[in-house]
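Here is the structure we will look at.
The values are calculated or read from the model by the stated rules, or taken from the named source; none is laboratory data. This one's a predicted model, so the numbers in the text were calculated from it and none came from an experiment. Glycine gets a Cβ as well: all are built from the backbone with ideal geometry, and neighbour counts include every protein chain shown.
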Amino acid sequence: MLAVMTAERPYDPRARRRAVRVAWIVGVLGALVAAAVVVVPLLRPGPRPVFQLPVACGETWRLSTYPGHDDYDVDLFPTTGEAWGRPVLASADGTVTVAGINGSLGGRTPQDPDGPRGRGGGYWVKIDHGGRWETQYLHLLEPPSVRAGQRVARGDHLGRVGSTGNSGAPHLHYEQRRGWEKVETHFDGVPSGITSDDREYTVRLTSANCPPNRP
């Protein structure tokens, strides 16, 4: 009777390491795909909130820009009366993420309007409106009247118009952002018209940031 001989493949540690490595890579890729399915929708901006002008109901303000101001940045000046101390209001419901000092304050005040300039935005507020939408309010006169983490409603008081930071005159510097990008500001669902900073120009708008029972 003939014995049947079977040949066994010799153990190859390198092949085993390769198999383990391939399995590990496949597992990591699977985890990344699963994470992307969850995370990507969260990173996609939601619908634009119905932002209102960040100033009192019924007031008409001049929105302006100038070369070097940066695209979509808006400076707001009242068309009548003093700018110093005018109320700055939340454009939409949201949560305050920053309320403090951006850069340095400088020394421009109502008593000394030609005092030394500071750096950056001076006293400022940043609000997260959800859906990766954000607004910013810069050059406030004094420390903001809100704090980080505070929930605010449209029309809530954030501070007062000033000239802190790198500011030449009392005004409100205002921005709307979608994700990490600045975008053209919209007010009451309508584009503001302040887009590029290739030239100096202005538009006039009247605020509809009114209490619920007032048109």
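Listing for the model above:
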{"quantity": "Close pairs (7 angstrom Cβ cut-off, 6 or more residues apart or separate chains): more than 17 Å from residue 56 (Cα to Cα) and touching a residue at least 12 places away in the same chain (Cβ under 8 Å) in segment 151-174, aromatic (Phe, Trp, Tyr) and surrounded by 19 or more Cβ atoms within 10 Å (Cβ to Cβ) anywhere", "calculated": "164/123"}
{"quantity": "Residue match in segment 122-143 (condition: farther than 27 Å from residue 198 by Cβ, surrounded by fewer than 16 Cβ atoms within 10 Å (Cβ to Cβ) and among the acidic types (Asp, Glu))", "calculated": "yes"}
{"quantity": "Yes/no for residue 164 being polar (S, T, N, Q), at pLDDT 95 or above and farther than 30 Å from residue 111 by Cβ", "calculated": "no"}
{"quantity": "Segment 151-169 - residue that is of a type in the set (Val, Ile, Thr) and in contact with a Lys or Arg (Cβ under 9 Å, 6 or more places away or on another chain) and, of those, nearest to residue 187 (Cα to Cα)", "calculated": "161"}
{"quantity": "Residue match in segment 99-119 (condition: in the same structural domain as residue 190 (by TED's automatic domain parsing), under 24 Å from residue 188 (Cα atoms), in contact with a Lys or Arg (Cβ under 9 Å, 6 or more places away or on another chain) and surrounded by fewer than 21 Cβ atoms within 10 Å (Cβ to Cβ))", "calculated": "no"}
{"quantity": "Which listed residue, of 147, 177, 151, is within 14 Å of residue 97 (Cβ to Cβ), under 13 Å from the mean Cα position of the chain (by Cα) and surrounded by fewer than 22 Cβ atoms within 10 Å (Cβ to Cβ)", "calculated": "177"}
{"quantity": "Output for segment 79-98, where each listed residue is under 22 Å from residue 197 (Cβ atoms) and surrounded by 16 or more Cβ atoms within 10 Å (Cβ to Cβ)", "calculated": "83, 91"}
{"quantity": "Members of segment 114-134 that are under 24 Å from residue 81 (Cβ atoms) and part of a strand (DSSP E or B)", "calculated": "121, 122, 123, 124, 125"}
{"quantity": "Any pair with Cβ under 9 angstrom, 6 or more apart, that starts in segment 191-204 at a residue that is farther than 19 Å from residue 60 by Cα and ends at one that is of a type in the set (Val, Ile, Thr)", "calculated": "195/65; 196/65; 197/65; 199/65; 200/65"}
